[in-house]
Amino acid sequence: MKNICTIQAGAKAYAIIKDEGIQKERIRCMLGAAGGPKWIILYGLDKALYKSFLQKRKNPVYMIGSSIATWRFAALSLADGLQGIEAFKERYFAQKYSMKPDREEITAETVAILEEFLPDSKVDEIVKHPTQRLCIITARSRHLLQYEDTFRLGAGLGINAITNMVSRKLVGLHFDRFAFYDAREFPSFIQWKNYHTQYIPLNNNNLKKAVLASGSIPLVMNGVVFQHEGKTHILRDGGLVDYQQDLPLEPGDYIALYPHYSDRIIPGWFDKPLKYRKPHHALENVCMVSPSKEAIASLRYKKIPDRKDFYTFAGDDSRRLLFWNETVALGQQIAEEFMELVESGRIKDRVIPLAR
């Protein structure tokens with residue numbers, strides 16, 4: 001099967017790629033979306049991009065993401081990123097639950113995954129990585145969303161969903177953005193203006209808590225308690241504010257490389273059912289690589305893995321793993337095709353303008 005990856009680029013990135021292809025030192029940041037098991041289609045691409053664009057580079061690259069992307073990027077930002085992403089993938093695939101898991105069970109298993117691929121002894125590898133700079137997006141809960149009981153939390157999420165239909169800006173009534181960044185260099189090229197954003201330097205004490213918080217889906221997992229400036233906050237999944245990274249990037253003549261499981265960008269968690277909600281920003285410097293529709297249609301369920309798989313295959317992990325491993329194999333083919341296009345220079349002929 002040919003043409004199994006789709007390569008889209010915003011105006012500036014498109015011009016750069018058409019002129020010179022993609023060069024390692026042109027990449028200033030990598031973007032990653034929330035989406036749970038959807039990341040599995042990107043496993044092969046993550047490894048290929050690490051080998052070609054992250055490993056042995058000389059200038060810094062910012063790894064910016066929310067939710068599952070934060071977990072991927074944390075694994076890739078270990079001293080041995082290939083071993084890190086492999087360890088994460090193996091433990092992620094091995095997760096098991098009862099037939100009807102509650103929040104405590106899911107939270108406990110998620111913590112166990114984190115502790116296995118990112119023990120305390122390895123945190124310093126990320127904090128002091130010579131070139132990779134992790135940026136973790138979380139959502140600080142406000143009003144009813146600070147509580148864990150189903151009634152108040154569910155009501156708060158329902159109100160948020162309704163107000164979001166009117167305007168994405170109204171999400172700021174319910175969530176603030178808490179962005180954890182590498183303390184050595186502030187990512188000033190991100191010009192967040194849509195919600196109040198609190199910037200917090202990463203350190204050995206808060207990194208794992210930020211990673212956990214960034215993937216803590218409300219009503220599925222417990223929020224993460226975080227102390228900051230003498231106040232107690234409840235942090236939740238970063239996808240609530242930045243689901244698929246519609247970011248106001250201004251990185252000059254650099255490229256933001258975005259391995260994505262979809263060929264479109266959904267700005268916020270609550271925008272998923274809203275077909276009219278488009279990215280707000282121009283995304284001029286973004287080059288997005290994603291599986292083609294034909295590639296996804298070749299999978300046995302005509303879709304990539306998602307969180308529903310845990311319910312569809314409840315009690316039958318062997319069927320879930322069969323599907324997930326088939327997706328890994330397809331993802332490897334996508335990675336091979338993309339890297340062949342990069343190395344041969346034929347990417348200049350395959351890149352298309354980024355759809356909005």
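Sorting the segments 263-269, 196-202 by their mean number of nearby beta carbons within 10 angstrom, highest to lowest, gives 263-269, 196-202.
Our estimate of slack between residue 297 and residue 11, defined as 0.36 nm per intervening residue step minus the Cα-Cα distance, is 100.0 nm. Each residue of the stretch 136-146 is assigned a 3J(HN,Hα), and the resulting list reads 10, 9, 10, 10, 7, 7, 10, 6, 4, 6, 7 Hz, derived from the Karplus form 6.51 cos²θ - 1.76 cosθ + 1.60 (θ = phi - 60°), x at Gly and Pro.
Selection among 146, 130, 196 by position relative to the dipole of the stretch 130-200 gives 196 as farthest towards the positive end (Cβ unit charges, Cα centre). Take the Cα radius of gyration of the stretch 210-345 and divide it by 2.2 N^0.38 Å, N being the number of residues; the result is 1.28.
Inter-label distance, residue 186 to residue 147: 3.7 nm, where each label sits 7 Å from its Cα along the C-beta direction. Per-residue Karplus couplings for the stretch 91-98, computed as 6.51 cos²θ - 1.76 cosθ + 1.60 with θ equal to phi - 60°, are listed in order as 6, 5, 5, 7, 5, 9, 9, 6 Hz, Gly and Pro entered as x.
So which of 2/47; 56/128; 24/208; 12/128; 89/128 end up more than 25 Å apart, counting from Cα to Cα? Listed pairs above 25 Å: 24/208; 12/128. Close amide-amide hydrogen proximity is noted between residue 286 and 10, 13, 256, each under 5 Å apart and 5 or more residues distant or on a separate chain (H modeled in the peptide plane; Pro and chain starts excluded). Counting other Cβ atoms within 10 Å as a rough exposure proxy, the listed residues 339, 165, 288 run 165, 339, 288 from fewest neighbours to most.
Distance from the C-alpha centroid of the stretch 75-126 to that of the stretch 6-48: 24 Å, rounded to the whole angstrom. Based on the Kirkwood radius over alpha-carbon pairs, what is the Stokes-Einstein translational diffusion coefficient of the chain at 4 °C with 1.567 mPa s viscosity, in µm²/s? Once the numbers are plugged in, D ends up at 63 µm²/s. In this structure the amide hydrogen of residue 228, modeled in the peptide plane, comes within under 5 Å of the amide hydrogens of 233, none closer than 5 places in sequence on its chain. Once the Cα-Cα distance is subtracted from the 0.36 nm per residue extended length, the residue 348 to residue 232 segment shows a gain of 36.7 nm.
With the simple spin-label model, which puts each label point 7 Å out from Cα in the Cβ direction, the residue 3 to residue 100 separation comes to 4.9 nm. Extension gain for residue 197-residue 58 works out to 47.0 nm (0.36 nm per residue, less the C-alpha to C-alpha distance). Site pair residue 332 and residue 219 shows an inter-label distance of 3.8 nm when each label is modelled 7 Å from Cα along Cα→Cβ. From most to least packed by mean Cβ count within 10 Å, the peptides 255-261, 236-242, 45-51 give 236-242, 255-261, 45-51. Calculated [222 nm] ellipticity per residue, helices only, for the chain: -10500 deg cm²/dmol; basis is -39500 (n - 2.57) per DSSP H run with n ≥ 4, divided by all residues, nearest 500.
The Cβ shell under 14 Å around residue 14 holds other residues with a net charge of +1, Lys and Arg each +1, Asp and Glu each -1.
The calculated Kirkwood hydrodynamic radius for the stretch 220-267 is 13.8 Å, given to one decimal from all distinct C-alpha pairs.
Read-outs: derived from the displayed coordinates by stated rules, not from any lab. Bear in mind the structure is a predicted one, so any value in this text is a computation, not a measurement. Positions of Cβ are generated from backbone atoms using ideal geometry, with glycine treated the same way; all protein chains shown enter the neighbour counts.
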